[in-house]
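Please see the structure below; I have some questions.
The values are calculated or read from the model by the stated rules, or taken from the named source; none is laboratory data. Keep in mind that this is a model prediction, so the values were computed, not measured. Reconstructed Cβ throughout: ideal geometry from the backbone, glycine too, with neighbour counts over all protein chains shown.
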Amino acid sequence: MQDLPVNRIIQGDCIQIMEGLPAGSVDMIFADPPYNLQLKGELRRPDESVVDAVNDHWDQFASMEAYDAFTRAWLSAAHRALKDTGTLWVIGSYHNIYRIGAILQDLGFWILNDVVWRKSNPMPNFRGRRLTNAHETMIWCAEGEKNKGYTFNYEALKVLNDDVQMRSDWLLPICSGNERLKEDDGQKAHSTQKPESLLYRIPVTATRDNDIVLDPFFGTGTTGAVARRLGRRFIGIEREDKYCRLAQNRSGRGRTLAKEDRAITPPKRQAVRVPFGTVVERGLIEPGTYVFGPTGKHVARVRADGSLICADVTGSIHKIGAHVQGAPSCNGWTWWHIEVEGKLRPIDIFRDQIRAELGAE
């Protein structure tokens, strides 16, 4: 495979450039394409001041048919560049996201989630004729229906969300304040610059260390800045001279977190399997030791082969845990506890100890 232009900003047409990349070469794509907002005339506040809306030439298309043809072309090129195990994220508003979703499915992408970015500080609706547009929608797709090996860092997201499953509605602020890049005259440099918090959560969700993240609409380089910080490699494609310069300057100021600092909680399915019998044979828990349910109500005794005995029933930590609760199943590692210095601690601490010794965390 030819060398990839990683950690670089490539100026030009994203369709042609993606078609020139090796097939199946990138791990994740984040795309923030033109929204085709179809704005008609100036938008004014109640005091008659003009709103700095999205009226850039790159967001204007002659017709819906022209926009659809453009969308199909860049998504086809993206599908080709994506690895079988890769995923694509695309963000949009009500103007374009439904058209994009249909084309994604036509091209064989498999939708995993639609994620609502709910803005904590949205722009108000000045005309008072519609609801305030307080969210944008992201579609997260696998390369195809049968591609099950994509990265999803479930445990890391749960930790990020205070040990609660991450939901598909994300409350995050829009890009503002010092984060917003400005021109020399103080005007915002890009009309749709995305916040780093949004671009932080996405690679944490769906990439691993050193993965390659492609952004075909690179803009001012938020994707690259966050990717570099998290130890991912990026490929940025941008057509406009001004944005390329801004992104290049921003990229030069970025730094990468130390490996130990950017590490995230790994998926449990990737962890080395440690049978409870290993804990017993290592002497971390002695045969004859009593283990307890979380409240101390249920008690069982450990046997030499790593099984538990409770009354006249014997079996694995999982089987006996389910039996005493009258439940269909049980994760015995987290349900059973051992007394350590007068406090009940889950027996899972010993599995973690063994994994750490094996360098498997």
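In the stretch 236-294, what residues are within 30 Å of L344 (Cα to Cα), in contact with a strand residue (DSSP E or B) (Cβ under 9 Å, 6 or more places away or on another chain) and of a type outside the set (A, V, I, L, M, F, W, C)?
Across the stretch 236-294, the qualifying residues are E286, P287, G288, T289, Y290, G293, P294.
Out of the residues in the stretch 168-211 meeting the condition of being of a type in the set (A, V, I, L, M) and surrounded by fewer than 22 Cβ atoms within 10 Å (Cβ to Cβ), tell me which one is farthest from P124 (Cα to Cα).
V204
Give the number of residues within the stretch 117-155 that are β-branched (V, I, T) and either touching a Cys at 6+ places or on another chain (Cβ under 8 Å) or assigned to a strand (DSSP E or B) (or both).
Final tally of qualifying residues: 2.
How about the stretch 236-294: which of its residues are aromatic (F, W, Y) and in the same structural domain as A304 (by TED's automatic domain parsing)?
Matches in the stretch 236-294: F276, Y290, F292.
I would also like to ask the following. Which of the residues spanning the stretch 339-353 are out of contact with any helix residue (DSSP H, G or I) (no Cβ under 8 Å at 6 or more places or on another chain), closer than 17 Å to G277 by Cβ and either touching a residue at least 40 places away in the same chain (Cβ under 8 Å) or hydroxyl-bearing (S, T, Y) (or both)?
If the condition is that a residue be out of contact with any helix residue (DSSP H, G or I) (no Cβ under 8 Å at 6 or more places or on another chain), closer than 17 Å to G277 by Cβ and either touching a residue at least 40 places away in the same chain (Cβ under 8 Å) or hydroxyl-bearing (S, T, Y) (or both), then Q353 is the only one that fits.
Given the conditions (1) touching a residue at least 40 places away in the same chain (Cβ under 8 Å); (2) aromatic (F, W, Y); (3) under 24 Å from P33 (Cβ atoms), which single one is not true for F109?
Failing condition for F109: (1).
Any residue at all in the stretch 45-55 that is at pLDDT 95 or above and either within 30 Å of K182 (Cα to Cα) or touching a Pro at 6+ places or on another chain (Cβ under 6 Å) (or both)?
no
On the given criteria, is H337 at pLDDT 90 or above, buried (at least 16 other Cβ atoms within 10 Å of the Cβ) and touching a Cys at 6+ places or on another chain (Cβ under 7 Å)?
Considered against the rule, which asks whether it is at pLDDT 90 or above, buried (at least 16 other Cβ atoms within 10 Å of the Cβ) and touching a Cys at 6+ places or on another chain (Cβ under 7 Å), H337 comes out as no.
Still on this structure: Quick one: which of G86, G101 is modelled with pLDDT of 95 or more, assigned by TED's automatic domain parsing to the domain that holds F218 and closer than 19 Å to T223 by Cβ?
After applying the criteria, what remains is G86.
Hey, another quick one. Do we have A78 as within 21 Å of the chain's Cα centre (by Cα) and in a helix (DSSP H, G or I) here?
Yes.
Still on this structure: What number of residues in the stretch 268-326 are in a loop (DSSP other than H, G, I, E, B) and either in contact (Cβ under 8 Å) with a residue 40 or more places away in the chain or surrounded by 17 or more Cβ atoms within 10 Å (Cβ to Cβ) (or both)?
14
Just checking, does the stretch 330-339 include any residue being of a type in the set (A, V, I, L, M) and part of a helix (DSSP H, G or I)?
Looking through the stretch 330-339, none of the residues is of a type in the set (A, V, I, L, M) and part of a helix (DSSP H, G or I).
What residue, of Y243, Y200, is free of Cβ contacts under 8 Å to residues at least 60 places away in the same chain, aromatic (F, W, Y), out of contact with any Lys or Arg (no Cβ under 6 Å at 6 or more places or on another chain) and under 30 Å from A356 (Cβ atoms)?
Going through Y243, Y200 in turn, just one is free of Cβ contacts under 8 Å to residues at least 60 places away in the same chain, aromatic (F, W, Y), out of contact with any Lys or Arg (no Cβ under 6 Å at 6 or more places or on another chain) and under 30 Å from A356 (Cβ atoms): Y200.
Scan the stretch 145-197 for residues that are among the polar types (S, T, N, Q) and touching a residue at least 24 places away in the same chain (Cβ under 8 Å) and jot them down. I'd like the intermediate steps shown before the answer.
Filtering the stretch 145-197 for residues among the polar types (S, T, N, Q) gives 147, 151, 153, 161, 165, 168, 176, 178, 187, 191-193, 197.
Selection gives N147, T151, N153, S168, S176, Q187, S191, T192, Q193, S197.
Which one is surrounded by the fewest Cβ atoms within 10 Å (Cβ to Cβ) among residues in the stretch 131-147 that are aliphatic (A, V, I, L, M) and over 15 Å from P173 (Cβ atoms)?
Residues of the stretch 131-147 that are aliphatic (A, V, I, L, M), as a first pass: 131, 134, 138-139, 142.
The next check asks that each one be over 15 Å from P173 (Cβ atoms); those that pass are 131, 138-139, 142.
Working: L131: 6, M138: 21, I139: 22, A142: 23.
Here the answer is L131.
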